[in-house]
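As structure tokens, the structure follows; a few thoughts come after it.
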Amino acid sequence: MVLGIFMSVSVCVQAQGNDHVTEPATPEATEFYKPVPKTVVPGSHNSAPSDAIVLFDGSNFDAWESSKDKGKVNWLLNTDGSMTVKDKSGNIQTKRKFGSVQLHIEWRSPKEVRGIGQHRANSGVFLQERYEVQVLDNNDNETYVNGQVGAIYKQHVPLAKASVPSGEWNTYDIIYHAPQFNANGVKTKSATITVLHNNVLIQDHVEIQGTTEYIGWPKNEPHGKAALMLQDHGDNSGVSYRNIWVREFR
Ligand code: MG
């Protein structure tokens with residue numbers, strides 16, 4: 001019975017635009033019951049839902065390594081459940097590699113502001129080690145808009161600036177679809193990304209053109225699953241992170 005309903009709806013969907021198919025005349029004809037989405041227990045106050053991979057809960061760096069030498073992380077582990085960039089120690093990244101993900105991450109710029117423009121609390125969240133969502137203290141601090149907080153660096157200006165005051169915690173909730181490459185290494189589908197900054201939509205399913213370069217055009221070398229990377233911009237950013245989790249899909 002259930003399968004029959006599902007099949008009939010499939011036929012209807014496939015036949016959309018086909019004039020000779022009779023329009024469904026009952027509610028049941030357009031309702032289906034399979035496949036059933038899995039049940040997930042949501043977290044509270046930004047805590048991880050039941051099927052998330054927790055990458056950082058404040059207790060250790062076990063899920064992380066130095067991007068430079070794949071060795072120990074030298075960033076600062078704080079007593080309040082956060083970590084802070086250790087200046088000039090280099091980027092860090094997850095040991096685990098990911099494709100398409102839902103990502104939750106929280107970040108904070110120092111309350112005592114220092115530096116201007118791109119040199120004020122600059123860090124970044126890199127999907128697959130290549131594609132940066134900019135982290136920056138833009139409060140009373142102007143810069144090029146395609147490099148401001150929430151930008152897909154030098155590719156997509158955010159739809160809004162939704163930062164909290166310096167020294168308070170921001171959230172990024174990100175939906176990321178990895179790019180696809182064919183057997184010859186040619187990109188057949190661009191990555192896409194949606195970003196909510198403090199629950200405000202700032203990137204709406206935009207297409208990532210390639211690597212987010214400081215100088216030059218985006219590059220599209222083929223790659224598979226890759227790490228989530230956090231940036232040490234090397235100018236005493238003082239940026240902190242906490243409560244980082246992902247859900248993999250596809
Ligand atoms: Mg950055």
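The values are calculated or read from the model by the stated rules, or taken from the named source; none is laboratory data. Computed from a predicted structure; not experimentally measured. Cβ: placed from backbone, ideal geometry, glycine included. Neighbour counts: every protein chain shown. Areas reflect the complete protein model, heavy atoms only, side chains present, ligands, DNA and RNA absent. Shrake-Rupley method; radii C 1.70, N 1.55, O 1.52, S 1.80 Å.
So which residues in segment 55-70 are surrounded by fewer than 18 Cβ atoms within 10 Å (Cβ to Cβ), of a type outside the set (Gly, Ala, Ser) and in contact (Cβ under 8 Å) with a residue 40 or more places away in the chain?
Passing the criteria: only 57.
Collect the residues in segment 63-120 that are under 27 Å from residue 192 (Cβ atoms) and part of a loop (DSSP other than H, G, I, E, B), keeping them in residue-number order.
Matches in segment 63-120: 63, 67, 91, 95, 96, 97, 99, 100.
Could you check residue 49 against (1) open to solvent by 90 Å² or more (accessible area, probe 1.4 Å); (2) in a loop (DSSP other than H, G, I, E, B) and say which number it fails?
Among (1) open to solvent by 90 Å² or more (accessible area, probe 1.4 Å); (2) in a loop (DSSP other than H, G, I, E, B), the lone unmet condition for residue 49 is (1).
Could you tell me which of the residues 162, 183 is part of a loop (DSSP other than H, G, I, E, B), among the hydrophobic types (A, V, I, L, M, F, W, C) and open to solvent by less than 30 Å² (accessible area, probe 1.4 Å)?
After ruling out the rest, the residue left standing is 162.
Checking the condition within 12 Å of the ligand (Cβ to nearest atom), in the same structural domain as residue 223 (by TED's automatic domain parsing) and open to solvent by less than 20 Å² (accessible area, probe 1.4 Å), which residue from 73, 101, 125 passes?
125
Out of the residues in segment 221-250 meeting the condition of being away from the ligand (no atom under 15 Å from the Cβ) and open to solvent by 60 Å² or more (accessible area, probe 1.4 Å), tell me which one is nearest to the chain's Cα centre (by Cα).
Per the criteria, the residue is 248.
Could you please give the count of residues in segment 128-154 that are within 11 Å of the chain's Cα centre (by Cα), among the acidic types (Asp, Glu) and more than 12 Å from the ligand (Cβ to nearest atom)?
Residues meeting the conditions: 0.
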